[in-house]
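Right, one structure below, let's go through it.
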Amino acid sequence: MVNREVVLDRISIIKNSLKRLKEISKLSKQEFKNNDDYFAIAEHHLRRSLEAVIDLGRHICVKEDLGQPQDYTEVFDILNNGGVLSKEFTENIRGMAGYRNRLVHMYNQIDREEIYQILQERLDDFDIFTNEIMNYINKN
């Protein structure tokens, strides 16, 4: 059985980091690229959000007996197969797992342009994820 406290804690982490990311996303590209602190803050909160997403997903997979993910990408597939995440959304976010690995293991290759692009184009994925998770939790 899913531990509701764990779910709410991870969603809180995601939402708090998302709030900071959305603030930074309002900056112009030039402001963002010229300020080391904005880049560092964005990178930190993006990594933290992704960690919480994957941690929450793994928790639900295991506690709901949906399956044991062998890697981070499989977390999303199992959640989809278990009716937790929609198929369309799952197809859109499968890359989150790979990007988490990139942030953690290839951090020296992350550049300001790609982080800024994520800030502009992909932050809604976190809202959709938390909404789909809460819809599932509230139904079950």
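Every number here is computed from the coordinates shown, using simple stated rules; none is lab data. None of the values given here were measured: they were computed from a predicted structure. Cβ sites come from the backbone with ideal geometry, for glycine too, and all protein chains shown count toward neighbours.
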Quiz item: Taking H as built 1.01 Å from N, whose amide H comes closer than 5 Å to the amide H of R122, not counting residues under 5 places away?
Solution: none
Quiz item: So how many Lys-Lys pairs in the chain land under 25 Å Cα to Cα, not counting same-chain pairs under 8 apart?
Solution: 12
Quiz item: Hey, rough spin-label estimate for N92 and N140, points 7 angstrom out along Cα→Cβ, what's it come to in nanometres?
Solution: 2.2
Practice problem: Arrange the peptides 49-62, 7-20 so that the one whose residues have, on average, the most other Cβ atoms within 10 Å appears first. | Solution: 49-62, 7-20
Practice problem: Kindly put T130, T73 in sequence by how many other C-beta atoms sit within 10 Å of each C-beta, fewest to most. | Solution: T73, T130
Quiz item: With θ set to phi - 60° and the Karplus curve 6.51 cos²θ - 1.76 cosθ + 1.60, what are the ³J(HN,Hα) couplings of the stretch 105-113 in order, to the nearest whole Hz, using x for Gly and Pro?
Solution: 9, 10, 3, 6, 9, 6, 10, 4, 4
Quiz item: Size of the chain along its principal axes in angstrom, Cα-based, largest extent first?
Solution: 47, 26, 25
Exercise. Assign one of three labels to the stretch 52-115, namely rounded, prolate or oblate, based on the Cα gyration tensor with a ≥ b ≥ c the square roots of its eigenvalues; rounded applies when a/c is under 1.5, prolate when it is not and a/b is larger than b/c, and oblate otherwise.
Key: prolate
